[in-house]
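A short worksheet on the structure shown next.
The values are calculated or read from the model by the stated rules, or taken from the named source; none is laboratory data. Just so we're clear, the structure is a prediction, and the values are computed from it rather than from any experiment. Every residue, glycine among them, receives a Cβ derived from its backbone with ideal geometry; neighbour counts consider all protein chains shown.
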Amino acid sequence: MPAVATRTRLLPTSPAHLALLGLFWLMTGASVYPLLWMGLNSVKSSYEIFGNAWGLPEHWNWGNFATAWNFGISQYLISSIIVTVVSVTLVVFLSALSAYALVALKFRGKAVLYMAILGGSILPPEVSLFPLFKTLNTLGIYNTYWALILPYIAFGLPFTTFLIRAYMVKIPHELSEAAVMDGANAFWIFWHIYLPLSRPILASAALIEGMRVWNEFIFALTFVESESVKTITIGVMGFANALRADWAVLMAGLVISVLPVLVAFLILQRQFIGGLTQGAVK
Amino acid sequence: MSDVQLTAVSKRYGALEVVSAVDLEVKDREFVVIVGPSGCGKSTLLRLIAGLEEITAGDLVIDGRRMNEVPPAERGIAMVFQSYALYPHMSVAENMGFGLKIAGESKGEVRRKVLDAARILQLDQLLERKPKQLSGGQRQRVAIGRAIVRNPKVFLFDEPLSNLDAALRLQMRVELARLRRQLDATMIYVTHDQVEAMTLADKIVVLNGGKVEQVGGPLELYHRPRNQFVASFIGSPKMNFLSGQISDTRAAEAQIRLTDGTSLTQTVRPGAISPGDQVTLGIRPEHLLGGAATVPGARIGAEILVVEHLGGQSFAYARLGDGTPLTVQLPGDSAIRAGDAMEVCLSIANCHLFDSRGERVSV
């Protein structure tokens with residue numbers, strides 16, 4: 001289906017245009033400035049951070065990264081990668097399955113089920129902290145990767161299902177009917193038709209979910225305590241206490257902690273934005 | 001043998017009955033076209049045969065086997081969808097071979113069958129392309145190819161040409177007719193386009209409001225429509241209808257007085273009509289004869305509103321004295337213009353008489 005896009009352009013000298021441009025640069029600055037500041041200070045010495053916080057470093061001190069890495073950040077990074085990859089993979093796969101069921105299968109109570117799934121996104125994670133803590137203890141998985149992965153999946157499913165369903169609902173129903181005529185069963189249709197055709201939204205969902213899991217703090221602080229299982233958000237916090245005054249190494253550690261998400265976003269940004277705006281216009 | 005038999009087949013959605021006790025017999029290798037206006041239930045009927053919708057009541061038998069509860073893929077049928085329903089992420093070859101792959105056929109066998117079908121449809125140069133890289137006609141051929149490779153007993157077509165432009169539709173219609181001879185299979189074809197129905201069908205089923213109005217050969221339906229609905233639906237431009245009243249009946253002869261006062265006689269089924277009954281006289285545009293026609297009939301005067309010159313023929317859209325619209329077919333070089341008054345002759349031999357319920361009473 002060819003999409004016809006019409007765009008209203010404001011005159012470059014109109015007050016509205018200038019105001020929008022100003023707002024755009026203000027927001028860009030607010031987003032990029034802390035990152036730049038963190039990046040610059042990660043290659044300075046601590047002394048230089050206090051003496052010349054805004055300028056370029058006199059000596060580019062790349063050794064800060066090696067120090068941060070050897071100080072234990074590598075273990076936190078590995079934990080974060082394991083927790084994020086497993087959580088995101090399972091959340092996206094299970095959400096795609098439930099979205100497919102909501103879109104393509106006929107069964108009683110579908111609307112109620114969908115509302116119940118959406119209702120899950122209203123619940124703030126903090127209110128379930130204590131019951132979850134008890135449940136994880138009972139299950140014997142407290143202080144393991146699963147203590148983070150399972151709650152992350154549970155809290156990720158509602159929004160991701162909503163997102164993927166909104167995309168799948170636009171896949172023509174005749175495709176699954178044609179596949180039924182070809183002899184395909186429901187899972188075959190999901191795997192060979194709906195899943196490949198939903199690739200853009202799956203990428204978006206993975207990115208959103210990946211960022212959420214990577215940056216999550218409360219569960220990571222509550223449900224694990226061993227250094228070997230701690231994720232990077234908690235690791236970096238402990239890092240600040242341990243390093244005390246060595247701000248440059250701390251900055252290097254922070255750069256390492258945000259780098260994977262930043263790289264993932266830059267690689268997937270086209271898919272991400274495309275996925276979020278799918279269906280916004282005809 | 002690939003007979004398809006429907007006995008009292010109905011489909012209800014709650015209280016709404018969209019297909020109502022349809023009886024239909026499609027013989028082996030017959031090309032049956034189901035035609036009717038939008039919402040008449042023709043696509044639903046096809047989907048019932050395909051197994052995409054459950055039959056509420058009645059029996060569907062294919063090749064002597066009751067198929068009501070048999071899954072679509074096991075009915076020995078293939079369907080071509082209105083929107084083609086090609087898998088956009090697969091190549092032409094993958095689209096065509098998808099069903100065979102599911103059936104567990106070997107890669108070599110799938111390739112061979114896909115190539116055979118592609119050759120029939122002249123798609124062999126396009127096998128690696130994706131659907132978006134194809135024209136409308138090529139996509140339609142891929143959709144047909146996907147049906148052919150499964151070697152079905154029965155082909156189902158759901159308005160397959162309605163997404164194509166006029167020129168391509170004509171071309172594909174010819175190709176379908178050729179393909180039909182080549183495949184020599186049973187085909188059930190749904191369309192709202194009565195030209196497709198007339199040109200392709202061995203047998204036409206006219207559906208209206210979920211009920212079968214008439215089943216018959218194209219010319220039978222054209223020349224002897226069972227009721228006013230079929231008469232108005234088959235033929236383009238539509239049949240003209242003139243209101244009147246029976247003034248006298250004598251044996252099988254009925255005297256009709258039209259609302260403008262014109263009188264004429266029709267042969268009717270004995271006892272089908274009585275003096276005083278309201279009737280409708282139907283006559284096709286080509287049977288309204290202009291000039292000094294010498295055939296038996298009544299002459300009526302009309303005022304020409306619009307003339308369409310199509311080259312080989314012209315159509316005059318006129319109005320009778322009482323306001324009844326009338327379409328008259330004229331020679332291509334006719335000099336008649338809008339605003340002219342003309343007299344036309346209703347050829348009695350080609351008139352159709354319908355009673356107040358719309359049922360045919362003329363023989």
Considering only residues of the stretch B:151-167 that are buried (at least 23 other Cβ atoms within 10 Å of the Cβ) and at the interface with chain A (Cβ under 10 Å from one of its Cβ atoms), which is nearest to B:Asp63 (Cα to Cα)?
B:Leu156
Among (1) over 20 Å from B:Ile204 (Cβ atoms); (2) away from every other protein chain (no Cβ under 14 Å); (3) in contact (Cβ under 8 Å) with a residue 40 or more places away in the chain, there is one condition B:Glu69 misses while meeting the rest; what is its number?
(3)
Would you confirm, using the coordinates I've provided, whether A:Met168 is over 15 Å from A:Leu105 (Cα atoms), crowded, with 19+ Cβ neighbours inside 10 Å and either hydrophobic (A, V, I, L, M, F, W, C) or within 12 Å of chain B (Cβ to nearest Cβ) (or both)?
no
Within the stretch B:73-98, how many residues turn out to be part of a helix (DSSP H, G or I) and surrounded by fewer than 24 Cβ atoms within 10 Å (Cβ to Cβ)?
4
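Check the stretch B:42-49 and report whether any residue there is within 14 Å of chain A (Cβ to nearest Cβ) and in a strand (DSSP E or B). Show your work before the answer.
So the first thing to find is which residues in the stretch B:42-49 are within 14 Å of chain A (Cβ to nearest Cβ), and the list is B:43-44, B:46-49.
Remaining after also requiring in a strand (DSSP E or B): none.
Looking through the stretch B:42-49, none of the residues is within 14 Å of chain A (Cβ to nearest Cβ) and in a strand (DSSP E or B).
For the stretch A:227-255, which residues satisfy the criterion of being under 25 Å from A:Trp146 (Cβ atoms) and touching a residue at least 24 places away in the same chain (Cβ under 8 Å)? Before the answer, list the steps.
Here is the first cut: in the stretch A:227-255, the residues under 25 Å from A:Trp146 (Cβ atoms) are A:227-239.
Residues satisfying the conditions are A:Glu227, A:Ser228, A:Val229, A:Lys230, A:Thr231, A:Ile232, A:Thr233, A:Ile234, A:Gly235, A:Val236, A:Phe239.
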Going by the structure shown, is B:Ala117 assigned to a helix (DSSP H, G or I), away from every other protein chain (no Cβ under 13 Å), more than 17 Å from A:Met181 (Cα to Cα) and modelled with pLDDT under 90?
no
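Would you mind stating whether B:Gln140 is in contact (Cβ under 8 Å) with a residue 12 or more places away in the chain and assigned to a helix (DSSP H, G or I)? Can you show your working first?
Details: in contact (Cβ under 8 Å) with a residue 12 or more places away in the chain: yes; assigned to a helix (DSSP H, G or I): yes.
When the stated conditions are applied, B:Gln140 passes them.
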Within the stretch B:72-100, how many residues are at the interface with chain A (Cβ under 9 Å from one of its Cβ atoms) and out of contact with any Pro (no Cβ under 9 Å at 6 or more places or on another chain)?
6
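From B:Leu353, B:Leu288, B:Leu310, grab the single residue that is at pLDDT 90 or above, within 18 Å of B:Ser236 (Cα to Cα) and under 28 Å from the mean Cα position of the chain (by Cα). Write out each step before concluding.
Numbers: B:Leu353 fails: within 18 Å of B:Ser236 (Cα to Cα); B:Leu288 fails: at pLDDT 90 or above.
Matching residue, one of B:Leu353, B:Leu288, B:Leu310: B:Leu310.
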Considering only the stretch A:187-214, state which residues are of a type in the set (Lys, Arg) and away from chain B (no Cβ under 13 Å).
A:Arg212
